[in-house]
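Following: one structure in structure tokens, then a few remarks.
The values are calculated or read from the model by the stated rules, or taken from the named source; none is laboratory data. Just so it is clear, the model here is predicted, and its values are computed rather than measured. Counting neighbours? That spans all protein chains shown, and the Cβs are built from the backbone with ideal geometry, glycine included. Surface accessibility is based on the protein's heavy atoms, side chains included, excluding ligands, DNA and RNA. Shrake-Rupley method; radii C 1.70, N 1.55, O 1.52, S 1.80 Å.
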Amino acid sequence: MANKPLAKALETISGIPITPFRKSDGSIDWHHYKETVDRIVDNGIDVIVPCGNTSEFYALSLEEAKEEVRRTVEYVHGRALVVAGIGYATSTAIELGNAAKAAGADAVMIHMPIHPYVTAGGVYAYFRDIIEALDFPSLVYFKDPEISDRVLVDLAPLQNLVGVKYAINDLPRFAKVVRSIPEEHQIAWICGTAEKWAPFFWHAGAKGFTSGLVNLLPQKAVEMLEALRNNDNDAVWRIWEDIVPFEDLRGKYNQGNNVVVIKEAMEMLRQNAGVTRAPVNELSNEDKQLVTELLSSWKLLQPTKG
């Protein structure tokens, strides 16, 4: 497999940076975006994924998405792999993928189709057509539980498929698909539901995981990866217990809190995350208080006095 070394390099943390939008006019604050990317890379994260869901990809214009990838490559400056998120219609994804190639990204991650009416055959064709048109290392983001994993088995022989970000929290199902792919077509399997699920996916075959936590506390994600690699179960579950309340808060309202919890926490730590774009609004006062309590429990904030 020509891309086997790259696939191996993806068995790590895939850090998804937030996109900071200015409160004044909603534009992207590139200065503070660079601060975020530098913080993530400087703390040992080896894969950066601009235009991921935590980046609010679907709230970006196509030109903003291209610019985010271009600037990420510039800011990373070879210190980590850059895997650019692409998506929308097949032709649009190809356009974004070609722009990512031209900008110097190392690979692309193809978002799951958001069309309301999809079939397994259609999803397979969508991913296949993009991968073949780009002729560039590609990952697929697989998260629709109604679509058969047979799609991944059929895609696996494609030379330029290097990894799958699997975001369906069904461990027996995941273990089965990993074991359904012949050794000669092996790819990188990445837990797409972050640190909360990483230990479980690790033992089923995913030797990497995504992280939004890296935006504010990359060290914690690195500790989790090192503990998993060292088979240090005491450390794994200690770190897991620390992280789960944060991930549970992000998961509220059918994942509606996913990005805004991170941005609120970063703002509390004066890390300049900006605001979210519609259709995500700011946190409720109750959830803001929960973020404060979590950061205080991590000794990142002084506890408030009643």
Which of the residues belonging to the range 33-46 are free of Cβ contacts under 8 Å to residues at least 60 places away in the same chain and open to solvent by less than 10 Å² (accessible area, probe 1.4 Å)? TYR33, VAL37
Tally, over the range 1-32, of residues that are surrounded by 24 or more Cβ atoms within 10 Å (Cβ to Cβ) and outside any loop (DSSP other than H, G, I, E, B): 3
Among the residues of the range 241-299, which ones are open to solvent by less than 20 Å² (accessible area, probe 1.4 Å) and polar (S, T, N, Q)? ASN257
Those residues of the range 225-240 which are free of Cβ contacts under 8 Å to residues at least 40 places away in the same chain, closer than 20 Å to LYS299 by Cβ and open to solvent by less than 70 Å² (accessible area, probe 1.4 Å), in sequence order: ALA227, ALA235
Of all residues making up the range 196-215, the number that are open to solvent by less than 30 Å² (accessible area, probe 1.4 Å), in contact with a Leu (Cβ under 6 Å, 6 or more places away or on another chain) and of a type outside the set (Gly, Ala, Ser): 1
Within the range 137-155, residues being surrounded by fewer than 18 Cβ atoms within 10 Å (Cβ to Cβ) and either in a loop (DSSP other than H, G, I, E, B) or free of Cβ contacts under 8 Å to residues at least 12 places away in the same chain (or both) number 5
Could you check the range 103-118 and list, in sequence order, the residues that are closer than 21 Å to GLY163 by Cα and either open to solvent by 80 Å² or more (accessible area, probe 1.4 Å) or in contact (Cβ under 8 Å) with a residue 40 or more places away in the chain (or both)? ASP106, ALA107, MET109, HIS111, ILE114
When residues of the range 69-89 are filtered for being under 24 Å from GLU267 (Cα atoms) and either without any contact (Cβ under 8 Å) to a residue 40 or more places away in the chain or surrounded by fewer than 23 Cβ atoms within 10 Å (Cβ to Cβ) (or both), how many remain? 4
